[in-house]
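Everything below concerns the one structure shown next.
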Amino acid sequence: MSKNVTRWSRRNFLKTTGAAGLGAIIAPPLAGLAVSPEKGSVVPTRPFGKTGANVSILSLGGMFNIASNQLLMKQALNWGVTYWDTADCYQRGSESGIGKFFSRQPDAREKIFLVSKSDARDPEGMTRLLDRSLERMKTDYIDLYFVHAVSDIDELDNRTKAWAEEAKAAGKIRFFGFSTHWNMEECMLEAARLGWIDGIMMTYNFRLMHSDDMRRAVDACVEAGIGLTAMKTMGGGQVRTDSDTELEMAGRFLKKGFTDAQAKLKAVWQNPNIASICSQMPNMTLLMSNVAAAIDKTQLSARDNALLQQYARETRSTYCSGCTAICESCVEGEAPIGDIMRSLMYCNSYNNDKLAASSFRKIPEKVRRRLTRLDYAKAESKCPQGLPIAKLIQEAKKKLET
Ligand code: SF4
């Protein structure tokens, strides 16, 4: 972009946004105009597939272990954020925090649509983890139980089906499904054919939702009665102000009264087939901002959506879309490219160095050591996002390996 264009664009942007200007869009979400929900308003609900359950369109995800989060859970409940998501493997006692809340407020349990997840795939391991989750959360049942982070539907088989049926019959779970961060579209299509999956939580955002593959996958799930929860809806980090598209988009959103983060949520809610968005909301500021977006009735216009899509195209090479079946099979040797890209995203887009490093260190040391010796040329040539995979792996090693 030339200097002249930049200057021209910034001037127009400032004219459009008035006194608020750039500061308003680079500040935290609460500095946006859709600040807090009106008194008495609650987050709307949508049916969750054909389960018969209605869930809040905003789901409280994340860690619930610290004292202040007890207040956050209480406030979430007051605002109608009644779909709560956790997992056995979430660090630092997330499930225990929920257990503490239910112990103190036993009446709250029946108002909450509670989700937890198992890292295990074998029935014995799943039973062990489910029992542990129930014990930690001080509850007799979990509404929806997921197998965590499925990237290939073959990870679920007839033993999984039998296990789910038994757990339902025992009253320990009401519904069963899986979460998926990688190869989401294929997993969803295959799940629709299985006929015994009640719900799926998948990576889904303004970058991914318009592809033919994702549309087909969502349609198949709707047809099969599978409830859908979107996660990773920010599609990378905060929108910057480096290009004309970003400037125009930020100015438009600001004028309408919401931030780019709120606009990204609205883009996903525009699809009525998405029952809920799971968002990690570790503090009251974020909770309030997301609740405000969920309650606010302002719709994105055709131009807003077009700008979001243009922005997605222009920043394509900064976002890994999770299609690991494409790149990982092109590398001779073990290269968990999807995991590495996710770790790097925590660091570069969310500024969460701690999470980035801990996620990167989950890759076995032996595998990490060999990463920079592998040839990624073929993987790069096939990557639909055009990611410089080899360079990014070097960056991950440098930044995240301590
Ligand atoms: S690196 Fe490219 S091919 Fe691999 S998962 Fe990411 S977007 Fe897909």
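The values are calculated or read from the model by the stated rules, or taken from the named source; none is laboratory data. Since the structure is predicted, the reported quantities are computational estimates derived from the model, not experimental observations. All Cβ positions, even for glycine, are placed from backbone atoms using ideal geometry, and neighbour counts span all protein chains on display. What goes into the accessible areas is simple: the full protein's heavy atoms, side chains included, and nothing from ligands, DNA or RNA. Shrake-Rupley method; radii C 1.70, N 1.55, O 1.52, S 1.80 Å.
Just a few scattered comments:
- Check on Ala356, buried (at least 17 other Cβ atoms within 10 Å of the Cβ), away from the ligand (no atom under 14 Å from the Cβ) and not charged (D, E, K, R): yes
- Residue list for segment 154-177, restricted to those being assigned to a helix (DSSP H, G or I), of a type in the set (A, V, I, L, M, F, W, C) and surrounded by fewer than 20 Cβ atoms within 10 Å (Cβ to Cβ): Ala162, Ala169
- Within segment 121-148, the set of residues being farther than 23 Å from Asn54 by Cβ and either surrounded by fewer than 17 Cβ atoms within 10 Å (Cβ to Cβ) or touching a residue at least 60 places away in the same chain (Cβ under 8 Å) (or both) comprises Arg121, Asp122, Pro123, Glu124, Gly125, Arg128, Asp131, Arg132, Glu135, His148.
- Exactly one residue out of Arg342, Arg313 is within 15 Å of the ligand (Cβ to nearest atom) and under 14 Å from His210 (Cβ atoms), and it is Arg313.
- Only listed residue being out of contact with any helix residue (DSSP H, G or I) (no Cβ under 6 Å at 6 or more places or on another chain) and among the basic types (Lys, Arg), chosen from Arg121, Arg159, Arg128, Arg136: Arg128
- Filtering Asn290, Asn271, Asn283 for residues that are surrounded by fewer than 18 Cβ atoms within 10 Å (Cβ to Cβ) and either β-branched (Val, Ile, Thr) or under 24 Å from Met73 (Cα atoms) (or both) leaves a single hit, Asn283.
- Looking across segment 178-196 at every residue that is over 16 Å from the mean Cα position of the chain (by Cα) and open to solvent by 10 Å² or more (accessible area, probe 1.4 Å), the one that is farthest from Glu166 (Cα to Cα) is identified as Glu186.
- Scanning segment 300-308 for residues that are basic (Lys, Arg), over 28 Å from Met188 (Cβ atoms) and outside any helix (DSSP H, G or I) turns up nothing.
- Filtering segment 359-372 to residues that are crowded, with 17+ Cβ neighbours inside 10 Å and either in a loop (DSSP other than H, G, I, E, B) or of a type in the set (S, T, N, Q) (or both) leaves Ser359, Ile363.
- Meets criteria (part of a helix (DSSP H, G or I), near the ligand (Cβ under 10 Å from one of its atoms) and open to solvent by less than 20 Å² (accessible area, probe 1.4 Å)) for Ile326: no
- Candidates Ser279, Ser321, filtered to the one that is modelled with pLDDT of 90 or more, farther than 27 Å from Ala53 by Cβ, under 15 Å from the mean Cα position of the chain (by Cα) and not in a helix (DSSP H, G or I): Ser321
- Verdict on Pro336 being surrounded by fewer than 16 Cβ atoms within 10 Å (Cβ to Cβ), at pLDDT 95 or above and within 15 Å of the ligand (Cβ to nearest atom): no
- Strands (runs of 3 or more DSSP E) enclosed by segment 42-134 - at least 2 residues per element that are small (Gly, Ala, Ser): 58-61, 113-118
For (1) in contact with a strand residue (DSSP E or B) (Cβ under 9 Å, 6 or more places away or on another chain); (2) farther than 24 Å from Ser279 by Cβ; (3) not small (Gly, Ala, Ser), each residue gets a yes or a no:
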{"position": "Pro106", "(1), (2), (3)": "no, yes, yes"}
{"position": "Phe113", "(1), (2), (3)": "yes, no, yes"}
{"position": "Asp140", "(1), (2), (3)": "no, yes, yes"}
{"position": "Asp157", "(1), (2), (3)": "no, yes, yes"}
{"position": "Ala169", "(1), (2), (3)": "no, yes, no"}
{"position": "Thr180", "(1), (2), (3)": "yes, no, yes"}
{"position": "Met188", "(1), (2), (3)": "yes, no, yes"}
{"position": "Gly199", "(1), (2), (3)": "yes, no, no"}
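- Exactly one residue out of Arg240, Arg216 is surrounded by fewer than 20 Cβ atoms within 10 Å (Cβ to Cβ) and part of a helix (DSSP H, G or I): that is Arg216.
- Neighbours by Cβ (under 7 Å, 6+ apart or cross-chain): first from segment 384-397, aliphatic (A, V, I, L, M); second near the ligand (Cβ under 6 Å from one of its atoms): Leu387/Cys320; Ile389/Cys327; Ile389/Ile337; Ile389/Cys383; Leu392/Met341
- Qualifying residue in segment 297-304 (condition: among the aliphatic types (A, V, I, L, M) and buried (at least 18 other Cβ atoms within 10 Å of the Cβ)): yes
- If you go through segment 149-170 and pick out every residue that is within 26 Å of Phe102 (Cα to Cα) and without any contact (Cβ under 8 Å) to a residue 12 or more places away in the chain, you end up with 4.
- Residue within segment 373-395 that is more than 16 Å from the ligand (Cβ to nearest atom) and surrounded by fewer than 19 Cβ atoms within 10 Å (Cβ to Cβ) present: yes
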